[in-house]
Each structure stands twice: as C-alpha cells, then as structure tokens.
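Student: Pasting a structure here, questions to come.
The values are calculated or read from the model by the stated rules, or taken from the named source; none is laboratory data. Everything numeric in this text was worked out from a predicted model, so none of it was measured. Positions of Cβ are backbone-derived with ideal geometry, glycine not excepted, and every protein chain shown enters the neighbour counts. Accessible surface is based on the protein model in full, side chains and every heavy atom, while ligands, DNA and RNA are left aside. Shrake-Rupley method; radii C 1.70, N 1.55, O 1.52, S 1.80 Å.
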Amino acid sequence: GRSRYHALQLRYEERSLPGLSLLASYTLGRSEDDASGFFPSAGDPNFPQDSENRAAEYGRSSYDVRHRFSLAFVWELPYESSGGIAGALLSDWQLSGVVTLQSGRPFTVALLPEIDNSNTGRSNLGFGANDRPNVVGDPRLDNPTPERWFDTSAFVMPPFGTFGNSGRNTLEGPGYRNVNLALIRWLPLGAGARLQLRAEAFNVFNRANYDNPDAFFGSPTFGRIVSAQPPRRIQLGAKVVF
C-alpha cells in the first residue's frame, strides 16, 4: 500500500478568563492512498478495479476531510450568590458545548456489486464493488441537492470486458455541521457528595447532516442522498459524585 498525508494544524486554548475553558482547533489537510482500509464492512472495500494496475487506485483517502474546525468549551456561569432563594436557584450552573464543522468525505462511483463487467471475477466476501463506469463529462454540479448530488449523465457503462476510467474517490459528499450543548447544575448533598443534574441537546439546531449519495451506477437512486445523521436529540440525566 501507499499513502501520503499533509496538513496545516492550528490550535488555540484559553484558560485565562474567569470560569471559562476553551479549546479550538482547525485542520487543513489532504490524505491520499491506494486503499484506505483492509476489508472494512463499509466504505472502501480495498478491492482494486485492476489488480495489475494499483497505481490507478491512488486518490483521496476515504476518510479524507479537507477542512475541519472544532470548538469545545466549559463555562461556569457567573453569579455572585447573595444567599436566599435567588442564590440557591442561580448559583452553581455550568454550560458546556462542542461545535464541529467540516467539509465532505470523498466517494467512488462504481457499478452495482453484482455486475462483473470487466469479466475478471467478483469478490466472494459479499460486499464491495470492483468495477467502475466510464466518465464522459464533468459530474460535479455548482448547486448540488439531496435529490441530485452529482450529474449522473456523466457516467456510462464501459464495453464488456474492459475497466471503466472513473477514478477512485473522485467526488465529494456533503459537509458536516453540528452543535452539542449541555446545561449542568451542581447541588451539594453533604459529606462531600454532590448531585449533578444535566440537560443535554445533540444537534441543537436540528441540521440535516446528509450521508454520501448512492454512488452505484444503475441503482434506482443513483446520485441521490437517501440517509442522514441523527436529528436533534435531548436527554436529561442525574448522577451523584462523591
């Protein structure tokens, strides 16, 4: 196998502000290889289209993300307790969160797994696709939508007994944006024990983070996105710390 990775990595950490702890990082990277995993159950099946031409498999890694930004923070909400009911209700609150923004992951357009167009044999593992179609145009769209993420007319079936000229991981899927927040309250129980009450929201803004589209040439949903990451979820929790 052959792989190469280059990146610019930036990191900022803040702990000097009272009650606030913050960590932000950004990576501009590029990862390339000729196989991203050894027979994984999903994604890159590690099968070269032409076993005698491994160089043709070299391209973006299946896990390559060009841009990634993450921000994590914990904020002890400021309140000077003056005692009484207001002090009991408004003190000892904590807000924490994680923000993740990243560009899309690449994917490979392939023929349906049951089609052995090159007549070189199919994998007997029951997953993955060996053969790829021919490219006759630019499949990238200026304004892709879940119903039409790329131009499917740019791909055609190659003649039987030949390998398609479509490369590996040449197209990019949707990006990912997510915000998770947690509101935490601490209550003293005595004898050094505390009760923690938590209200957590995952994907706070309920953004539709789409998965990669159907990339199998000949599929009824070829070029369409048919699934997404989980929607907003809210959970409540409590635990005793002693």
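Student: Pick from Gln94, Gln102, Gln49 the residue whose mean-square fluctuation is largest in a GNM of the chain, springs joining Cα atoms under 10 Å.
Tutor: Gln94
Student: Place a +1 charge on the Cβ of each Lys and Arg in the chain and a -1 charge on the Cβ of each Asp and Glu, then give the dipole magnitude about the Cα centre in debye, rounded to the nearest 20.
Tutor: 700 debye
Student: Pull up all non-local amide H partners of Ser62: gap of 5 or more, or a different chain, and H-to-H distance under 5 Å with H placed in the peptide plane.
Tutor: Ser36
Student: If you plug each phi of region 6-15 into the Karplus form 6.51 cos²θ - 1.76 cosθ + 1.60 with θ = phi - 60°, what whole-Hz ³J(HN,Hα) values come out, in order, with x for Gly and Pro?
Tutor: 10, 7, 10, 10, 10, 9, 10, 10, 10, 9
Student: Could you check which residue among Gly167, Gly59, Gly121 shows the biggest mean-square fluctuation in a GNM of the chain with a 10 Å Cα cutoff?
Tutor: Top of the fluctuation ranking is Gly121.
Student: Leaving out ligands, DNA and RNA, what percent of the accessible area of the chain is carbon and sulfur, probe 1.4 Å?
Tutor: 56 percent
Student: I need the Kirkwood Rh of region 111-242: take the reciprocal of the average 1/r across all distinct C-alpha pairs and report it in angstrom.
Tutor: Details: mean 1/r = 0.0535 Å⁻¹.
Radius from the Kirkwood sum: 18.7 Å.
Student: Still on this structure, I have one more. Considering only Ser36, Ser103, Ser16, give the residue with the highest GNM mean-square fluctuation for the chain, with springs between Cα atoms whenever their separation is below 10 Å.
Tutor: Ser16
Student: Between beta-carbons, use under 10 Å as the cut-off and find the net charge around Arg54, counting Lys and Arg +1, Asp and Glu -1. Intermediate results must be reported in sequence, preceding the final value.
Tutor: On the way: positive: Arg2; negative: Asp34, Asp50, Glu52, Glu57.
Cβ neighbours under 10 Å give a net charge of -3.
Student: Quick one: 3J(HN,Hα) in Hz for region 162-177, Karplus 6.51/-1.76/1.60 with θ = phi - 60°, rounded, Gly and Pro as x.
Tutor: 10, 8, x, 8, 5, x, 8, 6, 8, 10, 10, x, x, x, 10, 9
Student: Order the following by accessible area, largest value first: Leu111, Leu10. Probe radius 1.4 Å; ligands, DNA and RNA are ignored. Numbers along the way, then the final one.
Tutor: Working: Leu111 0, Leu10 95 Å².
The most accessible residue leads, giving Leu10, Leu111.
Student: Excluding Ala182 itself, calculate the net charge of residues whose Cβ lies under 9 Å from the Cβ of Ala182, where each Lys or Arg counts +1 and each Asp or Glu counts -1.
Tutor: 0
Student: Now for a separate question. Rg/Rh for the chain: what does it come to with C-alpha atoms and Rh from Kirkwood?
Tutor: For the chain, the value is 1.14.
Student: Moving on. Give me, ordered by chain and number, the residues 5 or more places off Arg140 or on other chains with an amide H under 5 Å from its own placed amide H.
Tutor: Asp151
Student: Follow-up. Name the chymotrypsin sites (Phe, Trp or Tyr not before Pro) in region 102-189 that are in a loop by DSSP and that have at most 15 other C-beta atoms within 10 Å, would you?
Tutor: In loop regions of region 102-189 (DSSP not H, G, I, E or B), the sparsely surrounded chymotrypsin sites (Phe, Trp or Tyr not before Pro) are Phe127, Phe160.
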